[in-house]
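Novice: Have a look at the structure that comes next, please.
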Amino acid sequence: MSEGTARRYEKTTAFEWTERAFELLQTGQLRAEIHKPRAGVEASHVWGRCPRCEHQVDDWQPLSTVTGMIGSRSAESAAPDAANVESVDVSCGCGTVHPTAPDGITGCGVSFRIEFEPDPDRAAGERQS
């Protein structure tokens, strides 16, 4: 989809976009990984095609918080037999001003969830000992 034919802006969380994001993950057109720049610090990185407008997105989100606080992430808090699946909510931040978007807003307005299993052999940014 070219910028000249950009989809109209619509604030939506319709499940169809989460389903489409899953399809894009399966085909490698949308990618996700966890970055661990140092012990106790994690961030998600999601990049590739937006499932709604098809423009490029590049989303970074912190996943860890100050330890000892309610709701902080830690390996110790996970159930021993729990699958290692990350869930990340992403909003389109493609940088394109879509028709009917509010002033100063870029992106098509979609928010979607992706779930993926981090590759333990490719913990991006993790320091090697």
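Laboratory data are not the source of any read-out in this text; all were calculated from the coordinates shown. Since we're looking at a predicted model, the values are computed, not measured. Positions of Cβ are generated from backbone atoms using ideal geometry, with glycine treated the same way; all protein chains shown enter the neighbour counts.
Novice: What nm distance separates the two modelled labels at Arg38 and Glu16, each placed 7 Å from Cα along Cα→Cβ?
Specialist: 4.6
Novice: Additional query: For a footprinting-style exposure proxy, rank Cys53, Cys108 by other Cβ within 10 Å, fewest first.
Specialist: Cys53, Cys108
Novice: Mind giving me the nanometre distance, one decimal, between the label points for Trp60 and Arg31, set 7 Å out from Cα along Cα→Cβ?
Specialist: Taking the simple label geometry, Trp60 and Arg31 are separated by 1.6 nm.
Novice: List every residue whose amide H lies under 5 Å from the amide H of His55, counting only residues 5 or more places away in sequence or on a different chain, with H placed 1.01 Å from N in the peptide plane.
Specialist: When sequence neighbours closer than 5 places are left aside, the close amide H contacts are Cys50.
Novice: Please give me the summed charge of the neighbours of Glu117: other residues whose Cβ is under 11 Å from its Cβ, Lys and Arg +1, Asp and Glu -1.
Specialist: Net of charged neighbours comes to -4.
Novice: Using the number of other C-beta atoms within 10 angstrom as an exposure proxy, rank Glu23, Glu54 with the fewest first.
Specialist: Neighbour counts put them in this order, fewest first: Glu23, Glu54.
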